[in-house]
Amino acid sequence: MPDANNDIVLDIKAIHKSFDDLEVLKGISMQVNRGEVVAVIGPSGGGKSTLLRCATTLEKVDLGKIVIGGDVLCDTVDGRCVYCDKKLEKEIRSKFGLVFQNFNLFPHFSVRRNITEALIHVHKKSKDEADKICKELLTKMELVEKADAYPCNLSGGQQQRVSIARALATNPEIIFFDEPTSALDPELTKGVLKVIKDLAREKMTMVIVTHEMSFARDVADRIVFMDGGVIVEEGPAYELVTNPKQERTKAFLAGY
Ligand SMILES: Nc1ncnc2c1ncn2[C@@H]1O[C@H](COP(=O)(O)OP(=O)(O)O)[C@@H](O)[C@H]1O
Ligand SMILES: [Mg+2]
């Protein structure tokens with residue numbers, strides 16, 4: 001059943017996720033509106049990556065409900081979480097982009113092929129169309145001269161910009177970033193954060209797990225602070241960073 005509210009791109013309700021005896025997500029709910037940028041912050045081990053992995057079908061939740069772009073990925077009926085069929089899951093997967101900390105480019109593919117592969121094979125674009133989209137995106141990422149290079153010949157910052165171009169290529173409704181700059185030195189971090197900032201200005205819907213507090217404060221609309229598998233506090237970005245309410249949030253932010 002499609003969800004009626006077209007303004008909500010991601011709707012997560014009370015999701016729980018355990019790995020064996022370890023409960024990593026203890027009832028997380030969050031909504032992301034179209035055009036909104038949400039930063040997820042919090043200490044290591046708090047469940048941020050698991051939340052992103054569950055929202056992007058890389059992990060299955062045990063309980064709760066996830067709706068992406070109006071399509072129900074999973075819902076809980078009689079205490080059991082039921083996932084949609086494979087066909088819908090594939091459609092849902094084509095609605096979001098994902099950018100990882102370690103870029104995750106295919107090392108044996110050129111930059112162009114990294115970007116066009118899914119366009120041609122999943123989205124059934126012609127090679128010419130895919131190349132055109134690729135060129136536009138590489139221009140935007142200031143990497144147009146790198147189309148024929150291989151990932152190993154690029155800096156980490158360039159690789160991450162290719163990975164952002166790849167995520168954008170399929171025209172997703174939402175992009176998830178998991179610590180996109182954690183593997184980069186400060187100079188390369190700047191270039192990647194600028195690209196994400198430009199996307200925010202263009203009203204791309206994004207969820208960004210980050211330790212870059214000033215970036216989160218200035219670029220995100222909203223910040224969610226997660227610790228111990230729960231959302232401890234959330235609010236407008238500037239407000240949360242400058243005036244946190246919860247002791248745990250204050251203690252965490254004091255470390256920055
Ligand atoms: N595949 C897995 N198997 C077992 N434990 C996992 C797995 N993935 C994550 N965890 C555990 O879940 C907890 C939360 O991890 P994670 O979501 O990566 O946190 P964060 O991204 O906030 O650092 C950690 O204790 C981690 O060891
Ligand atoms: Mg993580």
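The values are calculated or read from the model by the stated rules, or taken from the named source; none is laboratory data. Only a predicted model underlies this, so the values are computations on that prediction, with no experimental measurement involved. Cβ coordinates were reconstructed from backbone atoms using ideal geometry, including for glycine residues, and neighbour counts include every protein chain displayed. Ligands, DNA and RNA are stripped out before the accessible areas are found, and what is left, the full protein with its side chains, is counted by its heavy atoms. Shrake-Rupley method; radii C 1.70, N 1.55, O 1.52, S 1.80 Å.
Ala220 satisfies every condition listed in (1) surrounded by 14 or more Cβ atoms within 10 Å (Cβ to Cβ); (2) over 22 Å from Leu138 (Cβ atoms); (3) more than 14 Å from the chain's Cα centre (by Cα) except (3). Tell me the residue from Leu98, Leu58 that is within 16 Å of ligand 2 (Cβ to nearest atom), surrounded by fewer than 17 Cβ atoms within 10 Å (Cβ to Cβ) and of a type in the set (A, V, I, L, M, F, W, C), please. Going through Leu98, Leu58 in turn, the sole match is Leu58. Screening the range 162-255 for strands (runs of 3 or more DSSP E) wholly inside it with 2 or more residues that are within 30 Å of Val122 (Cα to Cα) returns the ranges 174-178, 206-209. Residues of the range 117-149 that are part of a loop (DSSP other than H, G, I, E, B) and open to solvent by 100 Å² or more (accessible area, probe 1.4 Å): Lys124, Glu142, Asp148. Scan the range 164-190 for residues that are in contact with a helix residue (DSSP H, G or I) (Cβ under 9 Å, 6 or more places away or on another chain), surrounded by fewer than 19 Cβ atoms within 10 Å (Cβ to Cβ) and free of Cβ contacts under 8 Å to residues at least 60 places away in the same chain and jot them down. Result: Asn171, Asp185, Glu187, Leu188, Lys190.
Of all residues in the range 1-34 being touching a helix residue (DSSP H, G or I) at 6+ places or on another chain (Cβ under 9 Å) and not aromatic (Phe, Trp, Tyr), which is farthest from Asp227 (Cα to Cα)? Working first, answer last.
Step one: list which residues in the range 1-34 are touching a helix residue (DSSP H, G or I) at 6+ places or on another chain (Cβ under 9 Å), which gives 10, 12, 15, 17, 19, 24-25, 28, 30.
Those left that are additionally not aromatic (Phe, Trp, Tyr): 10, 12, 15, 17, 24-25, 28, 30.
Values: Leu10: 21, Ile12: 17, Ile15: 15, Lys17: 14, Val24: 10, Leu25: 10, Ile28: 11, Met30: 15 Å.
Among them, the one singled out is Leu10.
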